[in-house]
Amino acid sequence: MVTTHNLGFPRIGAKRELKFGLERYWKGESTRDELKALGAQLRERHWNDQRGLDLSPVGDFAFYDQVLDMSFTLGNLPARVQGFHGDPLDNYFRVARGRSATGAEEHAACCGGVAAGEMTKWFDTNYHYIVPEFTADTQFNLDTSRLVEQLREARALGVRAKPVIVGPVTYLWLGKAKDDSDKLALLPRIMAAYRALLDYFRVMDVEWVQIDEPVLVTELDPAWREAFVRAYEGFEVRGVKLLLTTYFGQLQENLDLACGLPVDGLHIDAINARDEIALVTEKLPAQSVLSVGAINGRNIWKTDLNAALDWLEPLAKQLGDRLWIAPSCSLLHMPVDLASEEKLDAEIRSWLAFALQKLDEVKLLATALNEGRSKVADALAANAAAVTARRNSPRVNNPAVKAALARIDAKLGNRQHAYAERAAKQAAILELPAYPTTTIGSFPQTAEIRHARSQFKIGALDQAGYQDAMRKEIERSVREQEALGLDVLVHGEAERNDMVEYFGEQLDGYAFSRFGWVQSYGSRCVKPPILFGDISRPKAMTVEWITYAQSLTNKPMKGMLTGPVTILNWSFVRDDQPRSVSCYQLALAIREEVLDLEKAGVRVVQIDEAALREGLPLRRAQWGEYLRWAVESFRITANGVRDETQIHTHMCYSEFNDIIASIADMDADVITIETSRSDMELLDAFDNFRYPNEIGPGVYDIHSPNIPTEEHIVQLMQKAAERIPARRLWVNPDCGLKTRQWAEVVPALTNMVAAAKTLRSQLQ
């Protein structure tokens, strides 16, 4: 009999209950016990949602991030929070976001704001994790309380539980040494903690433990490959079974390594590594389980179940009880339930499956494999009809868009002249001081904005009333920026629900859910639009709002757009054509908007490409092709303007050092980029690379409520000026201010503007 299981479940709740619970707690509006009770309620609900599976995950729930959870389980806390008293949950939030709840800061002298942990993307997803920190002196002190508590909860509900942990090699690989030490030197210490953890599971009569090692789908040098051998040799004597879990890519040269490790089962992502299944089956030890990720855990399209059964049935005959079926990866990257989407276009809805529906697909495949296709004939027929309908729908294919793509040539991506000539013309028009100040685009989404938007959606506020409300908020943002003394202003994006969804709603080829929320980090959730067909722009999307904002001030106003690569990477993308084709379609659509902004007199246009890096293939050998079409798509979008129009782009929360040459190839006049949490480590790239254009290294960590001081900002910019000429530096936050409050934003930007004035004085 085939075994069914799941690698992880969305933790935020179908109605974002965790998000709202966290934010209430952080504001001091609820107690710690209430937050913990909410966590227990969500876990119980999610385990009930997974009933019918043979094994369900335990430990996949986190109040902020599963990697941060593992750091606390291992007792690996940054030195700056060690010794803080109080509940461990508050220390947890200090690492995650710089401070805990308002009501938990009674002892501000020792337990107030600290530097938040660095945050970066989880492999090639839009999920962010808190980077573990190491030094040569790092010690690991096991704390099993979180896992033991959740395991007991699951068992009380009758759940056959499978604890989920991040594996030791992946954990070290994900982390960052804060000194010159070698992370791998910590392997013997960390393995002692992992062995003790498995002993706890043995004592609690756990049968299977899921140990996630997704780093196995990346290119590993010999030292890291040897680390796997040494680490898993340390697991040879144990009382629990280990399911080694890989996902997001192919094993390739690591296949023999993975198959040879002394574990009891191996999970393969069959969405990305389908061609490796036969070889893995051949190389796995005769007694080992093969878990096949046959359902896509990262995209929302229904699985072609009949096609899946065509290759699973021979595998089931070959492996028998050794075959397990699961989604390809954790369902963390999926919305919870399609059943709540009553207002979604019925035809498009029939093509989709969210997390709960993905688990239904797993169960259906298992039933067909265990009892025959005839047992689920009606369900298979309905699935086949939906798959065929999507494939043949005229709504998916637009001949005019395909014709426009065929006309793309190299000239579309080239500016009229090189940066030096453009910069002189732009300087003459904009008349900006040294160290010009700006923000990244959004300002706080106030209660008034949210109320007006909700009233408009339900019809209680008409179009004219909504526009008036948004104009008032735009004017507020402009006046605040003028009072602060910023040099290049933004309109604040009051009218935008999300930097991708806002544009997708105005492009043909997109559909939208109401409740399709996915966690990005902590309490931050996004609702990715559904790119189902060929993309085109029926009309201008931002021009009216930007020109209104410019009419309120004599200072330069940035037009704010999201770039094609980010729209692509932050959408649920169609899987029936190459991603590059969809990206070029988006580039042509956004290019039209850029040109319309220029015609309207907008002299500065920012085209955000926050997600450029996360689209990189996990293997460097495949980076070149992706960067080729991604950079070309940006250039097509941006470079139709005259020399006098200044093009900005923005990137955040990823490591960019290794693609800095490609970023330079984008040929934006100004790039703003996150550097605050990493203490300007990004700028190490400029030791060996001369960046040709202007750059604004973000100096204000907007994902933390902590307010940066003028002195700190000056110090960060002085570090930047050691690598980049001061006359080519901008001063700005590291991201948009949408998630902050005005009470935090105003003092932070006041300090930022003051720091810029200090820096200018040092140039004289």
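The values are calculated or read from the model by the stated rules, or taken from the named source; none is laboratory data. Treat the numbers as computed from the prediction; the structure is a model and nothing was measured. Positions of Cβ are generated from backbone atoms using ideal geometry, with glycine treated the same way; all protein chains shown enter the neighbour counts. Accessible surface areas use protein heavy atoms only, side chains included; no ligands, DNA or RNA. Shrake-Rupley method; radii C 1.70, N 1.55, O 1.52, S 1.80 Å.
Below, the figures for the structure above:
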{"read-out": "First in segment 749-764 and farther than 22 Å from residue 737 by Cα and at pLDDT below 95, second anywhere and among the small types (Gly, Ala, Ser) and open to solvent by less than 60 Å² (accessible area, probe 1.4 Å), Cβ under 7 Å, 6 or more apart", "value": "763/434; 763/726"}
{"read-out": "Residue tally, condition more than 27 Å from residue 445 (Cβ to Cβ), touching a residue at least 60 places away in the same chain (Cβ under 8 Å) and either assigned to a loop (DSSP other than H, G, I, E, B) or in contact with an Asp or Glu (Cβ under 9 Å, 6 or more places away or on another chain) (or both), over segment 705-748", "value": "2"}
{"read-out": "Pairs, first assigned by the TED database to the domain that holds residue 305 in segment 262-286, second assigned to a loop (DSSP other than H, G, I, E, B) and hydroxyl-bearing (Ser, Thr, Tyr), C-beta under 6 Å, six or more apart", "value": "265/288; 269/247; 269/328; 271/328"}
{"read-out": "Scope segment 600-614; condition buried (at least 18 other Cβ atoms within 10 Å of the Cβ) and either out of contact with any Phe, Trp or Tyr (no Cβ under 6 Å at 6 or more places or on another chain) or among the charged types (D, E, K, R) (or both); matching residues", "value": "602, 603, 604, 605, 606, 607, 608, 609, 610, 612, 613, 614"}
{"read-out": "Test: residue in segment 452-469 that is at positive phi and not aliphatic (A, V, I, L, M)", "value": "yes"}
{"read-out": "Residue in segment 300-316 that is outside any loop (DSSP other than H, G, I, E, B) and closer than 20 Å to residue 531 by Cβ present", "value": "yes"}
{"read-out": "Selection count, segment 530-557, where residues are over 13 Å from residue 589 (Cβ atoms) and in contact (Cβ under 8 Å) with a residue 40 or more places away in the chain", "value": "14"}
{"read-out": "Options 431, 421; residue that is touching an Asp or Glu at 6+ places or on another chain (Cβ under 7 Å) and open to solvent by 80 Å² or more (accessible area, probe 1.4 Å)", "value": "421"}
{"read-out": "Segment 722-764 - residue that is farther than 21 Å from residue 673 by Cβ and polar (S, T, N, Q) and, of those, surrounded by the fewest Cβ atoms within 10 Å (Cβ to Cβ)", "value": "764"}
{"read-out": "Test: residue in segment 209-225 that is in contact with a strand residue (DSSP E or B) (Cβ under 8 Å, 6 or more places away or on another chain), in contact (Cβ under 8 Å) with a residue 12 or more places away in the chain and in a loop (DSSP other than H, G, I, E, B)", "value": "yes"}
{"read-out": "Any hit, segment 534-553, residues being under 30 Å from residue 704 (Cα atoms), modelled with pLDDT under 95 and assigned to a loop (DSSP other than H, G, I, E, B)", "value": "no"}
{"read-out": "Qualifying residue in segment 517-532 (condition: over 18 Å from the mean Cα position of the chain (by Cα), of a type in the set (D, E, K, R) and outside any loop (DSSP other than H, G, I, E, B))", "value": "no"}
{"read-out": "Among (1) assigned by the TED database to the domain that holds residue 648; (2) of a type in the set (A, V, I, L, M); (3) open to solvent by less than 50 Å² (accessible area, probe 1.4 Å) - the single one residue 483 does not satisfy", "value": "(3)"}
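For (1) at pLDDT 95 or above; (2) not hydrophobic (A, V, I, L, M, F, W, C), each residue gets a yes or a no:
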{"position": "322", "(1), (2)": "yes, yes"}
{"position": "337", "(1), (2)": "yes, yes"}
{"position": "351", "(1), (2)": "yes, no"}
{"position": "366", "(1), (2)": "yes, no"}
{"position": "389", "(1), (2)": "yes, no"}
{"position": "397", "(1), (2)": "no, yes"}
